[in-house]
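**Q** Quick one: this structure, given as structure tokens, is what I'll be asking you about.
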Amino acid sequence: MRLAMCFLLIMVATGCKGPLIDLSKEAQDVARFQIHESDPFDDNTMAQQRSKAARGQVINVLALSGGGAWGAWGAGFLHGWVENTKEPRPESFDLVTGISTGGLQATAAFIGDDSILIRGYTTVDRGDVMRQRFPPLVSALWSPSIYDSAPLGELIQKLITDEVIDRVAEVSHNGERRICVATCELESGELVFWDLSQIAREKQYDLYRCVVLATASIPGVFPPVNIGGHRHVDGGARASVFLDEALSPQLSLEGGDLRIYVIINGEGTISPANPANRTLPVAFRAVSMLLAAQSHDNQLLIQDFAKAHHASFWLSMVPLDYKPVNGHDFDRAEMNHLFEVAKEKSSAEDGWTYVIDQKPGQSLPPYYAPGVEEQMKRPAARR
């Protein structure tokens, strides 16, 4: 994966050629929207949410980040969270957002089916996710990607069945609850948001899986996915994790107990490293710093959003002292190890990395896990 990430630089220089994957014959614009669009909610949905906020009910929001194979952290954390007695996992979420590997996890989190997380992150190997087309340099020059994402598409087909999608429709309560993932449209460069719960209610099964594949299609590593005549790639090209009040009416209403949980599938900050003084290690380090800075900025945006809306905020990310044993190129043993570490962490009372607890009428000092306070506060990490 490191070589593939570095070849992104070559792909940018040479352009993308070759055929596109097209799994979206049923694709329509009914379930996609941009953040800048005005009120995407009907009057009935807004009335339901105003009533809920007025009663002071808890509103649970979950945001899942990108991170590739590091998604084993989020999968394990979600699974172990049910054992946490201090801050138990909510029985349901009013809004779940996901991007890249977080987009793969979002469906399982939304319907509360941990078997999808276990199968998707502890039973797979590299060959279950990707297949190399040709020698990397040849692929970079003449193909739309270094790897073929057909194995990932087949995995999504197995994990997110028609029955699972029907369950999403049922749990969404006619739009009262939402699951949104993001892709990046290559032509316009826009971050596009997809309401998977609406797609599920319309029984557009192929489109649902197509969008999930697109949000995980790292540009240059995997080919773009054709949706409605436009090429879509991993939303991580624009953001690593996202939340905006345009995604759900609950986020803009006062009176409820809003709780925002953010799980970062990675360290979430720029950690020290000493790459070899060669082209690919240096390029990979630069890409890693860019993605870490983006992740940190996105975390701060959601944190600021929580403060502005008097919401409680929980953040989880891979501990800074965690070191992969076998590398992390979709190695099954490594993913299982990370899964178990996250599972044990989330079941503990002090399992969260950073917490701002702002329950109605009560505001407690922020909590930092040991060793992360300076990283969370350091302005230089944002640049």
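The values are calculated or read from the model by the stated rules, or taken from the named source; none is laboratory data. Remember, predicted model here, so these are calculated numbers, not experimental data. As a convention, Cβ positions derive from the backbone with ideal geometry for all residues, glycine included, and neighbour counts pool all protein chains shown. These area figures cover heavy atoms from the full protein model, side chains too; ligands, DNA and RNA do not enter into them. Shrake-Rupley method; radii C 1.70, N 1.55, O 1.52, S 1.80 Å.
**Q** Kindly sort ASP234, ASP304 by accessible area of their heavy atoms, largest first, with the probe set to 1.4 Å.
**A** ASP304, ASP234
**Q** Just want the answer: with Cβ charges of +1 for Lys and Arg and -1 for Asp and Glu, which residue in VAL211, GLY235, ILE263 is farthest toward the dipole's positive end in segment 175-269?
**A** It is VAL211.
**Q** Using a 1.4 Å probe, how large is the accessible area of HIS309, given in Å² and rounded to the nearest 10?
**A** Surface open to solvent at HIS309 totals about 60 Å².
**Q** What does the extension gain come out to for ARG119 and VAL282, with contour length at 0.36 nm per residue minus their alpha carbon separation?
**A** Additional length available on full extension: 55.2 nm.
**Q** For segment 199-280, which whole-number percentage of the solvent-accessible area (1.4 Å probe, protein heavy atoms only) is attributable to carbon and sulfur atoms?
**A** Percent of accessible area from carbon and sulfur atoms in segment 199-280: 45.
**Q** Can you tally the net charge around GLY98? Count Lys and Arg as +1, Asp and Glu as -1, for every other residue whose Cβ sits under 13 Å from the Cβ of GLY98.
**A** -1
**Q** Given a 1.4 Å probe, how much area per residue of segment 77-218 is accessible, in Å²?
**A** Value returned for segment 77-218: 35 Å² of accessible area per residue.
**Q** Test of the criteria: in segment 221-324, which GluC sites (Glu not before Pro) are in a DSSP loop and have at most 13 other Cβ atoms within 10 angstrom of their Cβ?
**A** GLU254
**Q** Then there is this: Of HIS173, LEU191, VAL221, which is farthest towards the positive pole of segment 108-248's charge dipole, taken about the Cα centre with +1 and -1 on the beta-carbons of Lys, Arg and Asp, Glu respectively?
**A** Of the listed residues, the answer is VAL221.
**Q** Oh, and also: Tell me, what does the Kirkwood hydrodynamic radius of segment 216-287 come to in angstroms if you use every pair of distinct C-alpha atoms?
**A** Averaging 1/r across every pair of different Cα atoms and inverting gives 16.3 Å.
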